[in-house]
Structure formats: C-alpha cells, structure tokens
1. Sorting check: for 67-77, 90-100, which peptide has the highest mean count of neighbouring beta carbons within 10 Å, and how do the rest follow?
2. Is there a quick way to get the dipole size of the chain? I mean about its Cα centre, with the Cβ of Lys and Arg at +1 and of Asp and Glu at -1; what is the value in debye to the nearest 20?
3. Using only alpha carbon pairs under 8 Å that are at least six residues apart, calculate the relative contact order of the chain and give it in whole percent.
4. First check a/c for segment 1-87, with a ≥ b ≥ c the square roots of the eigenvalues of its C-alpha gyration tensor; if it is under 1.5, answer rounded, and if not, answer prolate when a/b is larger than b/c or oblate otherwise.
5. Say R0 is 30 Å: what FRET efficiency, to the nearest 0.05, do residue 161 and residue 60 get from their beta-carbon distance?
6. Out of all DSSP beta bridges with both ends in segment 6-193, state the antiparallel percent to the nearest 5.
7. Using a ≥ b ≥ c from the Cα gyration tensor of segment 6-193 (square roots of the eigenvalues), is it rounded, prolate or oblate, where a/c under 1.5 gives rounded and otherwise the larger of a/b and b/c decides, a/b for prolate?
8. Separation between the residue 130 and residue 103 pseudo-spin-labels, each 7 Å from Cα along Cα→Cβ, expressed in nm?
Amino acid sequence: MVDSRLITPRLILRRWCDRDRIPFAQLNADVSVMEHFPAPLTPAESNALVDRIEQKFATQGFGFFALEHRDTQEFLGCVGLNQPSFEAPFTPAIEIGWRLAQRFWGQGYASEAAREALRFGFEEIERGGLELEEIVSFTAMGNGRSIALMQRLGMTRNLAEDFDHPALPPGHRLQRHVLYRLSRERWLQQKSLR
Ligand SMILES: CC(C)(COP(=O)(O)OP(=O)(O)OC[C@H]1O[C@@H](n2cnc3c(N)ncnc32)[C@H](O)[C@@H]1OP(=O)(O)O)[C@@H](O)C(=O)NCCC(=O)NCCS
C-alpha cells in the first residue's frame with residue numbers, strides 16, 4: 001500500500017484528503033474539463049469517485065493520486081495509475097490517467113506528475129511478484145491535449161489498436177478511442193537519456 005507521498009519539483013502526489021472533495025467536484029462539474037467524458041459529474045458522483053479511488057489504493061496499492069502544489073498547497077486534480085475494469089483486447093492492463101482543473105493546464109503540471117507516476121509504476125509496483133512490463137493510456141479520439149501528453153511521455157500508438165469503448169453505446173460521440181502504450185524497456189531507455 002502507498003503511504004508515502006511522491007514529490008516532484010513543483011508537486012506532491014498523495015492520497016486523498018477531505019479537503020480535496022470540493023475542488024475536485026468543481027473541476028468535475030466543469031464542461032471544459034469533462035468535454036471528453038460522457039457528462040460532467042454531480043458533487044455526489046465526484047465524491048463517489050474519490051471513494052472508489054481511495055478504495056483502490058487500499059486494495060491494490062495504487063490509484064489516481066491527488067495533486068497538490070508544493071508552494072501554494074492548491075489542489076490541481078489527479079494523475080495516476082489504475083486497472084481498467086472493462087474488457088478490451090488490451091486488458092488486463094495498467095493505465096495512466098489524468099484530470100486537472102483548467103487553470104492548471106498549459107504549465108507542464110500534468111507531464112511532471114505523469115512522469116513521476118510512470119516512475120512509480122515501473123519502479124515500485126509489482127504484480128504477482130513481477131515488475132510491470134507496460135503501462136497503457138487511452139482516451140476519446142478527439143482529446144488532443146490528452147493525446148499530446150501521451151506523446152510527450154514517449155508513449156506510442158498502433159492504429160490497429162484503436163477501439164470502441166465498451167461502456168459507451170454504439171454511435172456515441174466519444175465511442176472511438178485511441179490506445180497508447182509505453183513498455184518498461186522504452187521507459188528505461190528514455191530514463192537513461194535524461
Ligand atoms: C489532458 C490534460 C491533463 C493535459 O494537460 P496539459 O496542461 O495540456 O499537459 P502538460 O502538463 O503536459 O502541459 C503541456 C503544456 O504546458 C506547456 N508548458 C509550460 N511550462 C511547461 C513545463 N515546465 N514543462 C512542460 N510543459 C510546459 C507546454 O508547452 C504545453 O503547452 P501547450 O498546451 O500550449 O502545447 C488536461 O488537458 C486535462 O486535465 N484535460 C481534461 C481531463 C481529460 O480529458 N483527461 C483525459 C481523459 S482520458
């Protein structure tokens with residue numbers, strides 16, 4: 001289980017606190033932040049999501065970390081790892097995901113947190129006693145900011161692996177998804193270049 005915080009130059013990646021719930025509900029109610037999700041969340045849905053994330057930390061030892069700014073103590077959103085619960089050709093898998101309040105976009109915060117989450121995934125998570133061999137990420141095809149972030153992280157897409165999200169009905173505007181992968185081998189190569 002993760003007890004310790006992960007620290008980057010500007011951010012703390014940590015377990016969730018009650019004081020995160022209001023700013024998280026605000027970003028989940030923002031139609032810009034939620035453009036590539038089926039709908040914004042109500043405060044109750046947002047709180048239920050926090051509960052599910054914390055439950056996953058407790059049971060699987062990782063999850064979407066709450067992001068706190070080291071200087072201002074502001075809550076920015078979340079970045080972290082998760083095991084998708086739906087079935088697709090690429091599951092079971094561990095995904096990396098992110099969601100920040102809009103005022104924190106365009107400043108490299110998501111990249112900074114995601115690099116640390118990848119390091120955590122590849123260096124600190126084991127499954128069945130084995131190190132993780134790969135981390136994936138996926139999003140609706142039109143989510144350019146998220147796709148740009150995947151590419152900045154060195155993740156790669158195989159066009160043949162685009163997929164229809166099974167939780168969305170046929171014809172839904174968000175149904176078509178892209179899949180990006182990052183192997184442990186490639187991550188180690190990138191690390192050695194930094
Ligand atoms: C996806 C999301 C996390 C991307 O956030 P982001 O701020 O664009 O991503 P980064 O942290 O990598 O920031 C990159 C931008 O910051 C700029 N930047 C400024 N300072 C920087 C720094 N120190 N380091 C890196 N980039 C920096 C980059 O030039 C880039 O600018 P650009 O967007 O004009 O090209 C954000 O848009 C979001 O939360 N979206 C809503 C939720 C969502 O859709 N999640 C994914 C669903 S699957």
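Every read-out reported here was derived from the displayed coordinates using simple, explicitly stated rules and does not represent laboratory data. All figures in this text were calculated on a predicted structure; none of them were measured in a lab. Neighbour counts run over all protein chains shown; Cβ positions are idealised from the backbone, glycine included.
1. Ranked by mean Cβ neighbours within 10 Å, highest first: 90-100, 67-77.
2. Computed charge dipole of the chain: roughly 500 debye.
3. 17 percent
4. oblate
5. In this case the efficiency is close to 0.80.
6. Bridges in segment 6-193 are about 95 percent antiparallel.
7. It is rounded, given that a/c, with a ≥ b ≥ c, falls under 1.5.
8. If labels sit at residue 130 and residue 103, their model points lie 4.6 nm apart.
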